[in-house]
Amino acid sequence: MGRIEFGAAAASAGQVTGPRLSIVVPCYNEAGALPELHRRVSAAAAGAAGGDYELVLVNDGSRDATWARIVELAARDPHVVGVSLSRNHGHQLALSAGLTLCRGARILIIDADLQDPPELLPDMMALMDQGADVVYGQRISRDGETWFKRATAGLFYRLLARLVEIPIPLDSGDFRLISRRALDVLNAMPEQHRFIRGMVSWIGMRQVPLLYHRQERFTGETKYPFAKMMRLALDAITGFSTRPLKIASYMGMMFGLLGMMGMAYTLYGWLADLALPGWTSVMSMVLILGSAQLFVLGVFGEYLGRLYVESKRRPLFVIDHVVGRNDALAVSDPAREPRPMPATRSGA
Ligand code: UDP
Ligand code: MG
């Protein structure tokens, strides 16, 4: 009788006395990587936080054995909290679900595929001991990724940096350690189209980089095909900048000017009796103007569509099951009352 919990309602409360460290991992078809992830992350967490940590594994509607693996891990290891979403919600929302449910004083975000080494945790903790609120991993190199992925990612981060009004660090993913007070701000941000690394930058406070070499995926293949990458890129740009809208109006002005020059030429042609031959120039004008208009409309559409989705104010994600933390999560946790309970059906 799993009750369903709506994400926004589960906003985490800052005063909860949770463990020293939470590690939040979104998992989509990562069954193969989970045992190794659990081993390496547990070792790093045990070293950095003693026994006082929780490992929050979020199953994002996987179609393989990911959830079964998570349930097994939670049965064996009391540190593990498993959360299963009702369907695939996408990386950023799966991560948001984990970030809402975790209770640690510090929160490590890491991918399931071990591309970002959990062994950096002690260094991140040390930087936070010195007063940082966010320690973000910044990639010096990326192993085992195609040149296409590296090139498009590099281009994207640089384009983003030129467009947005806040400093978003180059070459950083979501791999980072966040303080509870920064996370509370993040969890209070309601937007549906979430570009979490940008949202974290937006918070401000003291953010410091930790340089590292990105490894090859431990197993499986990327869950970010080109289409998903494009969507994330558009969410990032539209979420943090309205400059494309301004560029659209500049483009309008530029083409207006071009149009006037074209008109002057047409007039001259008519006066000088050179009319008629000119099919090529007419056609190219029509095509150029047509595509410029479509482009501008498309840019408007990107913003309008997002505005529409935001206006519906739907919950960000729907949780189906929670296991671990004695299978009771908030039920046995008076600090989190009163609020809707997450599902407590144990097992799969
Ligand atoms: N992921 C997810 N839902 C999705 C796609 C990805 O939870 O719809 C998770 C995935 O399991 C991984 C992380 O997000 O832990 C990053 O994905 P991936 O490693 O495939 O991205 P890449 O490193 O290739 O950019
Ligand atoms: Mg990866």
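In table form, for the structure just shown:
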quantity: Part-to-part distance (alpha-carbon centres) for the stretch 48-116 and the stretch 208-249, which is given in Å; calculated: 22 Å
quantity: Residue-level accessible surface for GLU191, protein heavy atoms, 1.4 Å, Å²; calculated: 50 Å²
quantity: Ranked order, THR280, THR152 - accessible area, probe 1.4 Å, largest first; calculated: THR280, THR152
quantity: Rounded to the nearest 20 debye, dipole of the chain from Cβ charges on Lys, Arg, Asp, Glu; calculated: 440 debye
quantity: Chain lengthening between ARG158 and ASP143 when straightened (0.36 nm per residue, less Cα-Cα); calculated: 3.4 nm
quantity: Heavy-atom accessible surface of the chain: percent carbon and sulfur, 1.4 Å; calculated: 64 percent
quantity: Förster radius 51 Å - calculated FRET efficiency between ALA188 and ARG40, Cβ distance, rounded to 0.05; calculated: 0.95
quantity: For THR242, solvent-accessible area (1.4 Å; no DNA, RNA or ligand), Å²; calculated: 70 Å²
quantity: Signed unit charges on C-beta, dipole axis of the chain, positive-most listed residue ILE70, VAL135, ALA233; calculated: ALA233
quantity: Solvent-accessible area per residue for the chain (1.4 angstrom probe, square angstrom); calculated: 50 Å²
quantity: Label zone at ARG63 (point 7 Å along Cα-to-Cβ), backbone N below 12 Å, the stretch 16-35; calculated: 29
quantity: Farthest positive-ward along the chain dipole, Cα basis, beta-carbon charges - from PHE148, MET125, ILE107; calculated: ILE107
quantity: Full-extension gain in nm, LEU234 to GLN130, via 0.36 nm per residue minus C-alpha separation; calculated: 33.9 nm
quantity: HN-Hα J in Hz across the stretch 196-212 - Karplus 6.51, -1.76, 1.60, θ = phi - 60°, x for Gly and Pro; calculated: 5, 4, x, 5, 5, 4, 4, 4, x, 6, 8, 10, 10, x, 10, 6, 7
quantity: Farthest positive-ward along the chain dipole, Cα basis, beta-carbon charges - from MET261, HIS321, TYR28; calculated: MET261
quantity: Most fluctuating residue given options ALA33, ALA264, ALA126, as computed from a GNM of the chain linking Cα atoms under 10 Å; calculated: ALA264
quantity: Pairwise FRET efficiency - TRP279 versus PHE226, Cβ, R0 = 45 Å, nearest 0.05; calculated: 0.75
quantity: Cα-centre dipole for the stretch 47-193 with unit charges at Cβ (Lys and Arg positive, Asp and Glu negative), debye to 20; calculated: 340 debye
quantity: Coarse-grained scattering of the stretch 41-111 at q = 0.14, 0.27 Å⁻¹, given as base-10 log I(q)/I(0) from a Debye sum over alpha-carbon atoms; calculated: -0.43, -1.34
quantity: Projected label distance in nm at LEU287 and MET263, using a 7 Å step from Cα toward the beta-carbon; calculated: 2.4 nm
quantity: Accessible-area value, LEU127, 1.4 Å probe, nucleic acids and ligands omitted, Å²; calculated: 50 Å²
quantity: Shape parameters for the chain, alpha-carbon atoms, Rg then Dmax in Å; calculated: 24.6, 90
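The values are calculated or read from the model by the stated rules, or taken from the named source; none is laboratory data. Quantities reported herein were computed from a predicted structural model and do not represent experimental measurements. When we count neighbours, we look across all protein chains shown, and the Cβ atoms used for this are built from the backbone with ideal geometry, even at glycine. For the accessible areas, the whole protein counts, side chains as well, though only heavy atoms, and no ligand, DNA or RNA atoms are used. Shrake-Rupley method; radii C 1.70, N 1.55, O 1.52, S 1.80 Å.
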